[in-house]
Each structure stands twice: as structure tokens, then as C-alpha cells.
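Working notes, beginning with the structure itself.
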Amino acid sequence: MADLFWKTKALEEMTAAEWESLCDGCGRCCLEKLEDEDTGKIYFTHISCRLLDTASCSCKDYVHRHAKVPDCVRLTPDNVRTLNWLPPSCAYRLVAEGKDLAWWHPLISGRADTVHEAGISVRGRVVGSELDIDQADWEDHIVKWPGLFPKKAKRTTRP
């Protein structure tokens with residue numbers, strides 16, 4: 001942790017490796033979302049993208065994800081400031097808002113598993129992928145937890 005680049009660099013100044021390392025591997029952004037056409041409000045579901053490995057919470061084909069899932073959103077320094085569906089725990093969002101990373105973020109803890117231990121990741125919470133559940137039934141799968149912090153994740157230090 002000698003290089004706390006997220007505290008000293010603007011998002012636009014980060015190298016590709018630094019940018020990618022900001023992702024905590026929670027998988028929340030890979031959950032299917034619904035938007036109310038009248039209000040614009042976003043609702044998370046506990047249905048994942050077809051490419052999400054729900055055990056590791058990583059993409060099964062990260063390099064080719066945009067070709068395989070055309071509506072997969074590539075996060076950039078510009079859009080993380082405006083996307084209204086990024087979870088409040090998202091490191092890209094936190095850094096864009098001038099906030100620090102939490103104790104469970106792998107860049108702080110030094111371990112990828114702390115995102116799961118803190119209850120931030122989608123591991124064990126996904127009921128199926130977009131291929132498993134008919135899109136007409138997605139409204140039946142709306143959940144609030146992706147937009148919330150679990151209690152132990154709110155702590156300032158590891159429990």
C-alpha cells in the first residue's frame with residue numbers, strides 16, 4: 001500500500017492498471033437493473049449478467065464482454081460521475097466523490113476475499129442469470145441490498 005494513488009491522482013490521471021485495480025470485485029454492477037420509464041429510478045435485481053461468475057464475482061470473459069453483452073457499460077472517469085446506478089460501495093464512485101476506500105477493498109486489505117467477508121459482493125445472493133429468468137419476470141426479482149451497505153461493511157476498520 002505504499003502507493004495510495006486513488007488519494008493523489010484524479011481518475012483521468014490513473015494508469016490502466018490503477019483504474020482496473022479500483023474495482024473491488026463485488027459484482028454489484030453486473031446485476032440486471034430495471035428503470036422506471038416515468039421517474040428514471042433504477043431498481044436492482046438479484047439476477048446477474050450471463051457472464052458473471054457468481055462464485056468469484058468476476059466476469060467469465062472480461063476482454064470480450066462488450067462483444068458478448070452489447071449493453072455492458074464500460075466505466076470511464078467521465079461516466080462514473082454521472083451513472084445513477086453505481087452502488088454506493090463502488091470504489092469508482094467513492095473516489096469520484098472524493099471519498100476513501102473502505103477497509104474491505106482489496107487495495108486496503110491486501111486480500112480479494114475481504115469484499116466477500118464484508119458482505120459487499122453478490123456471492124450467494126444471485127438467483128440466476130439473465131439467461132435463466134424470463135425478462136418479463138424480472139420485476140418479481142427486485143431487491144434493495146445492492147444499493148445498501150451491510151452493517152459490517154460500514155465499519156471504519158475490519159471487525
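None of the figures in this text is laboratory data; all of them are computed from the coordinates on show. In this text, all values refer to a predicted model and were calculated from it rather than measured experimentally. Note that we place each Cβ from the backbone using ideal geometry, even for glycine, and neighbour counts take in every protein chain shown.
Once Lys and Arg get +1 and Asp and Glu get -1 on their Cβ, which of Ser89, Gly40, Ser21 lies farthest toward the positive end of the dipole of segment 1-89?
About the Cα centre, the residue reaching furthest to the positive side is Ser21.
Computed over the Cα atoms of the chain, what is the convex hull's projected area averaged over all directions, in nm²?
9.8
What number, in percent, do you get for the relative contact order of segment 11-159 if the mean sequence gap of Cα pairs under 8 Å and at least 6 apart is divided by its residue count?
32
Given a Förster distance of 22 angstrom, what is the FRET efficiency for Glu12 paired with Lys99, based on the Cβ-Cβ distance and rounded to 0.05?
0.80
Length gain on complete extension for the stretch Lys68 to Glu117, per 0.36 nm per residue less the alpha carbon to alpha carbon distance?
My answer for the length gained is 14.6 nm.
Per the helix-only calculation at 222 nm, which mean residue ellipticity applies to the chain, given -39500 (n - 2.57) for every DSSP H run of n ≥ 4 and division by its residues, nearest 500 deg cm²/dmol?
-3500 deg cm²/dmol
Quick check on my link table: of Lys99/Lys152; Lys9/Lys68; Lys60/Lys99; Lys33/Lys68; Lys41/Lys144, which ones sit more than 24 Å apart, alpha carbon to alpha carbon?
Lys9/Lys68; Lys60/Lys99
Highest first, please rank the peptides 40-52, 120-132 by the mean number of other Cβ atoms sitting within 10 Å of their residues.
Result, highest mean Cβ count within 10 Å first: 40-52, 120-132.
Under unit Cβ charges (Lys, Arg +1; Asp, Glu -1), what dipole magnitude, rounded to 20 debye, does the chain have relative to its Cα centre?
840
Contour minus end-to-end for Glu20 and Gln135, with contour as 0.36 nm per residue of separation and end-to-end as the Cα-Cα distance? Each step should come with its number before you reach the end.
Values: separation 115, 0.36 × 115 = 41.40 nm, distance 3.05 nm.
Taking 0.36 nm per residue and subtracting the Cα distance, the gain is 38.4 nm.
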